[in-house]
Amino acid sequence: MEYKYGRSSFFDGGLLAYIGWVLLGGLITAFTLGICYPWALCLLYGWKINHTVIDGHRMHFSGSAVGLFGNWLKWLFFTIITLGIYGFWVSIKLENWKAKNTSFLN
């Protein structure tokens, strides 16, 4: 791939919006006793990705809380039946899920 001069990478999200999304995600997670944590994670990660431009191409996050929730239950099940051992792989699985749901708009 040939590098094009003049294209830049940047993040155009603001601090107040970030604080608002973090607070909203935290409140939703706290009030639902953690059940809606996948939803809060999708909100915050989606905000970060949707405000990111890499080499002149805006990124887009298409993941949904419903899709993540199904994986979350599966990962919890495997963690319980392996007495916590599978928990070491959950962060890797989460990063893989994020990558599969991230693309470029243009």
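Can you work out which of the residues in segment 92-106 that are exposed (fewer than 14 other Cβ atoms within 10 Å of the Cβ) and at pLDDT 95 or above is nearest to Ile28 (Cα to Cα)?
Looking at residues that are exposed (fewer than 14 other Cβ atoms within 10 Å of the Cβ) and at pLDDT 95 or above, I get Glu95.
Of all residues in segment 22-69, those that are surrounded by fewer than 14 Cβ atoms within 10 Å (Cβ to Cβ) and touching a residue at least 24 places away in the same chain (Cβ under 8 Å) total 4. Quick one: which of Ile49, Ile19, Ile35 is closer than 24 Å to Val90 by Cβ and either touching a Leu at 6+ places or on another chain (Cβ under 9 Å) or assigned to a helix (DSSP H, G or I) (or both)? Within the list Ile49, Ile19, Ile35, the selection yields Ile49. Only a single item in (1) under 21 Å from Thr102 (Cα atoms); (2) modelled with pLDDT of 95 or more; (3) touching a helix residue (DSSP H, G or I) at 6+ places or on another chain (Cβ under 8 Å); (4) not hydrophobic (A, V, I, L, M, F, W, C) is not met by His51, and it is number (3).
For segment 67-106, how many residues meet the condition of being among the basic types (Lys, Arg) and under 17 Å from Gly34 (Cβ atoms)? Of the residues in that region, 1 qualify. In segment 84-106, the residues that are under 14 Å from Ser64 (Cα atoms) reach residues that are part of a helix (DSSP H, G or I) with C-beta atoms within less than 7 angstrom, at least six apart or across chains, in these pairs: Trp97/Leu68; Trp97/Asn71; Lys98/Tyr45; Thr102/Ile49. Of the set (1) part of a loop (DSSP other than H, G, I, E, B); (2) within 13 Å of the chain's Cα centre (by Cα), all apply to Ser91 but (1).
Being within 16 Å of the chain's Cα centre (by Cα), in a helix (DSSP H, G or I) and aliphatic (A, V, I, L, M) is the filter here; which residues of segment 52-88 pass it? The answer is Ala65, Val66, Leu68.
The values are calculated or read from the model by the stated rules, or taken from the named source; none is laboratory data. All values derive from a computational prediction rather than experimental measurement. Here the Cβ is made from the backbone with ideal geometry for all residues, glycine too, and neighbour counts use every protein chain on show.
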